[in-house]
Amino acid sequence: MIYQGGRPSQLQEVPVFLSPYFVYNALMLLEKPKLKDIIKPYENQWVALSPDYSFVVSAGETLRTAAEKVPENMKREVVFMRVSGLSADLAPILLL
């Protein structure tokens, strides 16, 4: 049990699983996957990502191909992105 409250007379016994401190610490231990690791297999392709960027919904060589592969129920939720070469040290720029 964890005791929480302001003054000693206000202390309340709270089960650990309901404690906000426990929940916060548990969430901090869960590491969100890194975007770079998620998109690594899709180099030089277009990808449709979930709204929270946690997984790839579809991928294709062109934007149209990637868009056609997105399920109907997710068409308005995905985020499209072109994955350039991840091994490059610099972002691609336009040289005139």
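Throughout, read-outs are computed from the coordinates displayed, never taken from laboratory work. Just so you know, these numbers come straight off a predicted model, no measurement behind them. Note: ideal-geometry Cβ built from the backbone for every residue, glycine included; neighbour counts use all protein chains shown.
So the values come out like this:
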read-out	value
Built amide H within the under 5 Å cut-off of Ser84, gap 5+	Asn44
Relative exposure of Ser50, Ser58, judged by other C-beta atoms within 10 Å (fewest first)	Ser50, Ser58
Cα centre as origin, Lys/Arg/Asp/Glu Cβ charges: the stretch 35-83 dipole, Debye	100
